[in-house]
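Since the structure comes first, as C-alpha cells, the remarks are kept for the end.
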C-alpha cells in the first residue's frame, strides 16, 4: 500500500476560472496522510471547486495537484481508484432503497453480486441504517441521507476521503453522528479533507486548517496556531437589548482601549484584550450605565474572530448588520 | 464553542460495525464494460419497479387517449369507417407510444446530473458510458410495457393484424431499436439542460413536429406537395410505414432498411455527442 511519506495532497498554484470569476486563484496545499484537514471559508470562497479538482471532477486551468502521489490530470484513473467524494448535496439515488444504492455502487466498483450484498449490509450496519435498508432513500431524514451518502463513499475503503460541507443543514444530533464517523474513520487510517463554513466544526475535527477566501489560502496552520496568530484572549459580551449595543460598544472601547467587534448576533460584541483588571472595571461600568448584560465570557479567540482578523470581515455575510449598528 | 466535545468524546471510538466496515480491504478489479452496463440497466429497472403502476400510466395514457379520440372522432371522416381507420392508425400509435417516452431517458439523466449522482459515478473507475447506455437499455422495459398495453387496447377495439403474431413481434422489435436510437437525442439534451423540467418542456418542441408531421394519423397523399415531402422525409413516417407493413404482413425490405438507417444515423450523431457533453462537464 501507500507509504506514509507520500503526501495525501500537494497542490501548487491551483487555478480554476469560470468565465470572469477566478473561483480558485492560486491555492497551495500540503497535506500529510492520516489527518483530518479542514478547509474553512464562507460560501463562494472556492472550497467546493478545489475539492472537485482534487477528486478529478474538474480539470484545473492552472497549477498542479498531486493526490496520493498521482497527478490529478495525467493520472486521473489512479487518483479515482484511491479517493472518494461525498458532495455537498447527498448524491444518493432517491428512488432506490438504501441497500440498492450501496449494492449498485459496489457492483459498479467490480464486486460480485454476493460480495456487493454483503458489503452493503456491512456498511448499513456501520452507519446505523440496517432497519432502513429496504426504504427508498427519498423517505430518509437529512441525517440518515447524509450517513448513507458517507457510507456510499466507503464501499471501497478510500485512502483519502473528501467531505464537502458534511454537516450543512443537519440538526445537532445528526451533526454529532457525522463527527463521530469522521473521528472513527481517521482513527482507522483514512485521511480526510473536509470543507466547512462552520468554524466550530473545523475547531472540533481538524488537525490542521486552511482558511480560504476569494479562491486563495489566507492562513494555514493548526487551530492553536491560527488562534494564537490573532493574539490574545477576548471578552465576549451579550446584551439584554440589541438597542443598547452602540452605547456598550462606545463604553467598552473607552474602558478597554481596544477596538470592539460587533458580532453577527445583534446582541453580542467582543473585544480582544488580556487585561483582566480593565475588564472587571468595564463590566462594572456597564452595570452603572444601566446597560443590561445577559452573559459575558473571557477566553481565547474563537475561529470566528480568527476569520475576522484575517479578512477584515466576519465569516458570515453580515455587512447589513454592521451598517445598522454603525 | 466546545459544547459538543464532552457529549461526543466517548462516542468517538469506532463501533465494531464501523471498524469492520472501514477496515475492509476488498479491492476488486474494475468491472468489464458489459457488467457495468448491465448493472446500470438494473438500476433503471429497479427505479421503475419502485414507481410501480405509475410508470405504466405515464406511458400508456397518452397513446390510449389518442387511439380513442382519433379512431372514434375522426376515423370515419379520415378513412370512411372507424374500423378501417383503426387498421391504419394503430401501427402509427405504436410508433407514437414508444417515441413519446424517450424523453424520460433525458429527464432521468438530467436528474442524475443535477442531484449529483453522476459526480459520484465520475469519480469511480469503471467504463464511463456504461451508466448512460445502461439507462437507455433499462428503459426498454418501459417501451415493452407501453407497446403491449397499446396493442392490447387496439386488439380489444377490433384491430386485426394480418401479419399475425410473428408480424406484431417483428414490428415491436423494430420499434424498440427505433426508440433506443431516438432516446439518444434526449440523452444529449439531458446533458446540457439546467433542470429536468427543461428537458421535458423543450422536448415538446421536438416531439410535436416529429409526431404530427408524419403519416401516423393520415395518409400523406391528401397533403399539399411540400408537406408531403416533409412528412415522407420524417423518420417517424418511415417507422410507421415499416410497422404497418410488418403487422399487416406486407413489409418491404426497403421500408425496414430506411428505419434501420435512420436509427444508425441518429445514434451515430447523438451517442458521441452525449458522451462528448458528459466529458465536457469536467471543464465547467
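The values are calculated or read from the model by the stated rules, or taken from the named source; none is laboratory data. Please read all numbers here as calculations on a predicted model, not as lab measurements. Every residue, glycine as well, gets a Cβ built from its backbone with ideal geometry; the counts of neighbours run over all protein chains shown.
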Inset, instruction - State all residues of the stretch B:46-66 that are under 22 Å from residue A:92 (Cα atoms), more than 10 Å from chain A (Cβ to nearest Cβ) and in contact (Cβ under 8 Å) with a residue 60 or more places away in the chain; if no residue qualifies, say none. - result: B:55
Inset, instruction - Among what's in the stretch A:277-293 and is closer than 12 Å to residue A:256 by Cα and under 36 Å from the mean Cα position of the chain (by Cα), pick the residue that is surrounded by the fewest Cβ atoms within 10 Å (Cβ to Cβ). - result: A:280
Legend entry - Filtered residues of the stretch A:95-108 (kept if more than 7 Å from every other protein chain (Cβ to nearest Cβ) and either assigned to a helix (DSSP H, G or I) or touching a helix residue (DSSP H, G or I) at 6+ places or on another chain (Cβ under 6 Å) (or both)): A:98, A:99, A:101, A:102, A:103, A:105, A:106
Inset, instruction - Kindly indicate which of A:184, A:126, A:133 is more than 9 Å from chain B (Cβ to nearest Cβ), touching a helix residue (DSSP H, G or I) at 6+ places or on another chain (Cβ under 9 Å) and free of Cβ contacts under 8 Å to residues at least 40 places away in the same chain. - result: A:133
Legend entry - Wholly within the stretch A:9-86, strands (runs of 3 or more DSSP E) carrying at least 1 residues that are within 27 Å of residue A:151 (Cα to Cα) and more than 21 Å from the chain's Cα centre (by Cα): A:62-67
Inset, instruction - Determine if the stretch A:84-93 includes at least one residue that is more than 25 Å from residue A:46 (Cα to Cα), in the same structural domain as residue A:205 (by the TED database) and surrounded by 22 or more Cβ atoms within 10 Å (Cβ to Cβ). - result: yes
Legend entry - Residues within the stretch B:26-45 that are within 7 Å of chain A (Cβ to nearest Cβ) and in contact with a helix residue (DSSP H, G or I) (Cβ under 6 Å, 6 or more places away or on another chain), tallied: 3
Legend entry - Complete set of residues in the stretch A:50-80 that are more than 11 Å from residue B:119 (Cβ to Cβ), in contact with a strand residue (DSSP E or B) (Cβ under 9 Å, 6 or more places away or on another chain) and facing chain B (nearest Cβ under 7 Å): A:59, A:77
Inset, instruction - Could you list, in sequence order, all residues of the stretch B:161-175 that are in a helix (DSSP H, G or I) and surrounded by 17 or more Cβ atoms within 10 Å (Cβ to Cβ)? - result: B:167, B:168, B:170, B:171, B:172, B:174, B:175
Inset, instruction - Spot the failing condition for residue B:115; the list is (1) within 14 Å of chain A (Cβ to nearest Cβ); (2) crowded, with 22+ Cβ neighbours inside 10 Å, and only one is missed. - result: (2)
Legend entry - Residue within the stretch A:138-159 that is within 8 Å of another protein chain (Cβ to nearest Cβ), in contact with a strand residue (DSSP E or B) (Cβ under 8 Å, 6 or more places away or on another chain) and part of a helix (DSSP H, G or I) present: yes
Inset, instruction - Evaluate the following for residue A:49: is it touching a helix residue (DSSP H, G or I) at 6+ places or on another chain (Cβ under 7 Å) and more than 18 Å from residue A:154 (Cβ to Cβ)? - result: no
Inset, instruction - Looking only at the stretch B:118-138, count how many residues are farther than 15 Å from residue B:191 by Cα and more than 8 Å from chain A (Cβ to nearest Cβ). - result: 4
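Condition check ((1) farther than 22 Å from residue B:258 by Cα; (2) in a helix (DSSP H, G or I); (3) at pLDDT 90 or above; (4) more than 19 Å from the chain's Cα centre (by Cα)) across all residues:
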| site | (1), (2), (3), (4) |
| --- | --- |
| B:179 | no, yes, yes, no |
| B:182 | no, yes, yes, no |
| B:189 | yes, yes, yes, no |
| B:207 | no, yes, no, no |
| B:211 | no, yes, yes, no |
| B:236 | no, yes, yes, no |
